[in-house]
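K.L.:
To start, I am sharing the structure in question, which I have written as structure tokens.
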Amino acid sequence: MASRLAVLSQHAEAASAAAEALRLGEVCQAPQTEALALITLAAERSRAGDHAGALADCAEADQLAASVGEDDTVVLAAVMRVLALKTAGDYPAAVRAAERGLAAAARLGLAGNRGAVLASMLADALFALGRWATARTVLARALEEQPPPLYRAVLLSTRGLLDLAEGSIGDATAAARSAAELFDPGYPGREFRLPARELAIRAALADNAHGLADRLLGELLTDPALPDHPTQAWPLLLAGLQVAELGTALGARRPDPAPGTDPRTRQLQALAAALATPGPVQAAQQATAAAWFTGDWPPVVGAWRALAHPYPLAQALLAAATAALAAGDRPTARESLGEAAGLAERLGARPLAERIAELTARERLTGSATDRLGLTPRELEVLRLVAAGRSNREIGEQLFISAKTAGVHVSNLLPKLGAASRTEAAALAYRLGLFNEHDQRTRPDVMRRPS
């Protein structure tokens, strides 16, 4: 009953019913009842911002379910743990928890059911952290399991948002259409539908289908249940702001100097005021929405930087650069655009990279790729030799530095490139055109004198 009330967004009643179920389970020594009650309580605690309490409930539920061999409840507890970690803003921990949960689901024969939910949550977390290739692999494997229509729709929605970020508009539009067709109109779980609605709006915008985007925004603004699902509603609201003529993409234009003149804008402002911020991600999204109207983008940049979410960080940096240019602050704009370009290039976010490049060229703020990535001249020299297959000892000999110092330079440049290995760093350097591969293979070694 408690879980059903939660699905129906009757949260106070759900928490009360779960607390009573927990009490009865303890009295009757029914671990399965206790575990399910704790999972519902964890969901309500997470929604209220009590992240530590939610995680403690998840841990206890997992132990209880495992003690009586309730496989489905074990995996359900893993789902709730991942949700609690994401709400708390700890996405790296959420990734680890989702990976463990997926392994358990596969071991227990639940990969195509509860496992699909975990896969969608894992892919979403990986997407947020900039690990897009891994996210795509997770989604492909989950879809191969032929999950039920509801879970398949959620997976397709996540994949479609990734397609959009990479510039595959046709694939995103197809994913949005397929996801919409898979939802059962009678199912009450609106939170599963909202990512698909976000995808539909963003795909329509990317495809210049403005009439469709307007219609979808109209449907959004007439949905009274959105405040019940703030985690899913905030991204949808940000998509709605784009449709409301505040910009075709985050930061591509300055906010309307007279916000509130469009009735839809006022409605979106009212919706933003009604949405809760249960965690730091929602707080960053709230700051993003506020910046559309105030033009105050530095706090948005800071919020996404603290979360280490590179894609919205790059979008916020683009918006901050646009605002800085309007204020005549070209040095700040150049710095913001340089960082944004480096992030977009590393992610493979082609549409965003193109918008950044367009603004950079139009304002004559062009800088080199090494400037955008923040590589020092010495790090570029080291990278060139890494790409040629040199070891730290060989790099040290050629540059007249110790092998240990060469290793320090390698360690410093890898995170700037967003690379996990020397091989990845070399491949990215060539893709960004930092130097010519043929020249690197054929150029004679140049002996440099120590300075």
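K.L.:
Got a sec? Charge dipole of the chain, +1 on Cβ for Lys and Arg, -1 for Asp and Glu; which of LEU317, ALA128, LEU237 is way out at the positive end?
P.N.:
Toward the positive end, the furthest listed residue is LEU317.
K.L.:
If you count, for each residue, the other Cβ atoms within 10 Å and average over each peptide, how do 104-113, 217-226 line up from highest to lowest?
P.N.:
104-113, 217-226
K.L.:
Tell me, what HN-Hα J-couplings in whole Hz come from the Karplus equation 6.51 cos²θ - 1.76 cosθ + 1.60 at θ = phi - 60° for each residue of region 263-271, using x for Gly and Pro?
P.N.:
x, 5, 4, 5, 5, 5, 4, 5, 5
K.L.:
Near ASP57, within a Cβ-to-Cβ distance under 13 Å, what is the net charge of the other residues, with Lys and Arg +1 and Asp and Glu -1?
P.N.:
On the way: positive: ARG45, ARG47, ARG81; negative: GLU34, GLU44, ASP50, GLU60, ASP62.
Local net charge: -2.
K.L.:
While we're on this one: So, in nm, how far is label ALA357 from label VAL68 when the simple model puts each one 7 Å beyond its Cα toward the Cβ?
P.N.:
Calculated label separation equals 6.0 nm.
K.L.:
With Rg/Rh (Cα atoms, Kirkwood Rh) as the read-out, I listed (1) 1.02; (2) 1.08; (3) 0.99; which label goes with the value calculated from this structure?
P.N.:
Computed from the coordinates, Rg/Rh (Cα atoms, Kirkwood Rh) corresponds to (1).
K.L.:
Provide the packing ranking of 307-316, 377-386, 398-407, 77-86, i.e. peptides ordered by the mean count of other C-beta atoms within 10 Å per residue, highest first.
P.N.:
For the peptides 307-316, 377-386, 398-407, 77-86, the packing ranking is 77-86, 307-316, 377-386, 398-407.
K.L.:
Moving on. Taking only C-alpha pairs under 8 Å that are 6+ residues apart, what is the relative contact order of the chain in percent?
P.N.:
With pairs under 8 Å counted, the relative contact order is 9 percent.
K.L.:
Using the per-residue mean of other Cβ atoms lying within 10 Å as a proxy for protection, in what order, highest first, do the peptides 46-53, 209-216 fall?
P.N.:
By packing density, highest mean first, the sequence is 46-53, 209-216.
K.L.:
May I ask you to list the residues of region 60-99 whose amide nitrogen lies under 13 Å from a point 7 Å from Cα along the Cα→beta-carbon direction of THR134?
P.N.:
91-99
K.L.:
For SER411 paired with LEU24, estimate the spin-label separation in nm (one decimal), with each label point 7 Å from Cα along the Cα-to-Cβ line.
P.N.:
Using points 7 Å along Cα→Cβ, the separation is 5.8 nm.
K.L.:
If you average the alpha carbon positions of region 162-215 and of region 21-90, how far apart do those two centres end up, in angstrom?
P.N.:
32
K.L.:
Another question, then. Residues with beta-carbon under 13 Å from that of VAL95, excluding VAL95: net charge, scoring Lys, Arg +1 and Asp, Glu -1?
P.N.:
+2
K.L.:
In debye to the nearest 20, how big a dipole does region 1-119 give about its Cα centre with +1 on each Lys and Arg Cβ and -1 on each Asp and Glu Cβ?
P.N.:
Values: 10 positive and 14 negative charges, 76 e Å.
It works out to roughly 360 debye.
K.L.:
List the residues of region 133-156 whose backbone N lies under 12 Å from a point placed 7 Å from the Cα of GLU424 along the Cα-to-Cβ direction.
P.N.:
Within reach of a label on GLU424, which here means backbone N under 12 Å from a point 7 Å along Cα→Cβ, region 133-156 contributes 133-135.
K.L.:
Kindly write out, for region 281-298 in residue order, the coupling ³J(HN,Hα) from the Karplus curve 6.51 cos²θ - 1.76 cosθ + 1.60 (θ = phi - 60°), rounded to whole Hz, with x marking Gly and Pro.
P.N.:
Karplus values, whole Hz, x for Gly and Pro: 5, 5, 5, 5, 5, 4, 4, 4, 4, 5, 5, 4, 9, 9, x, 8, 8, x.
K.L.:
Averaging sequence separations of C-alpha pairs under 8 Å and six or more residues apart, then dividing by the length of region 264-370, give the relative contact order as a whole percent. Please report the intermediate quantities before stating the final value.
P.N.:
On the way: 84 pairs, mean separation 18.2, N = 107.
The value is 17 percent.
K.L.:
Another question, then. With θ set to phi - 60°, apply the Karplus curve 6.51 cos²θ - 1.76 cosθ + 1.60 along region 205-219 and write out the HN-Hα couplings as whole Hz, x wherever there is a Gly or Pro.
P.N.:
Running phi through 6.51 cos²θ - 1.76 cosθ + 1.60 with θ = phi - 60° gives 5, 5, 8, 6, 8, 5, x, 5, 4, 4, 5, 5, 5, x, 5 Hz.
K.L.:
What length, rounded to one decimal in nm, is gained on full extension from SER16 through to ARG177, with 0.36 nm per residue of separation minus their alpha-carbon distance?
P.N.:
54.1 nm
K.L.:
Report, by chain and number, residues whose modeled amide H sits under 5 Å from the one on THR376, excluding near sequence neighbours (fewer than 5 apart, same chain).
P.N.:
The answer is none.
K.L.:
Here's another thing I want to ask about it. Rounded to the nearest 500, what is the chain's calculated 222 nm mean residue ellipticity when only DSSP H runs of at least 4 contribute -39500 (n - 2.57) each, over all residues?
P.N.:
Result for the chain: -23500 deg cm²/dmol, rounded to the nearest 500.
K.L.:
Moving on to the next point. Can you compute the charge dipole magnitude of region 293-367 about its Cα centre, using +1 on each Lys and Arg Cβ and -1 on each Asp and Glu Cβ, nothing else charged? Give it in debye, rounded to the nearest 20.
P.N.:
120
K.L.:
Nearest 0.05, what FRET efficiency do ALA48 and ARG350 give at R0 = 41 Å with Cβ-Cβ as r?
P.N.:
So the FRET efficiency works out to roughly 0.55.
K.L.:
If you don't mind, another one. Treating only the Cβ of Lys, Arg, Asp and Glu as charged (+1, +1, -1, -1), what charge dipole size does the chain show about its Cα centre? Round to the nearest 20 debye. Each step should come with its number before you reach the end.
P.N.:
Numbers: 46 positive and 49 negative charges, 319 e Å.
Dipole magnitude for the chain comes out near 1540 debye.
K.L.:
Let me check I've understood the local charge: for LEU194, count other residues with C-beta under 13 angstrom from its C-beta, Lys and Arg +1, Asp and Glu -1. What total comes out?
P.N.:
Surrounding charge for LEU194 is -2.
K.L.:
If I model a spin label as a point 7 Å beyond the Cα along the Cα-Cβ vector, how far apart are those points for ALA106 and THR376 in nm?
P.N.:
Placing both labels 7 Å along Cα→Cβ, they lie 4.2 nm apart.
Bear in mind these aren't lab numbers, they're just calculated from the coordinates by the rules spelled out. Note that the structure is a prediction, hence the values are computed from the model and not measured. Ideal geometry is used to build each Cβ from the backbone, glycine not excepted, and the neighbour counts take in all protein chains shown.
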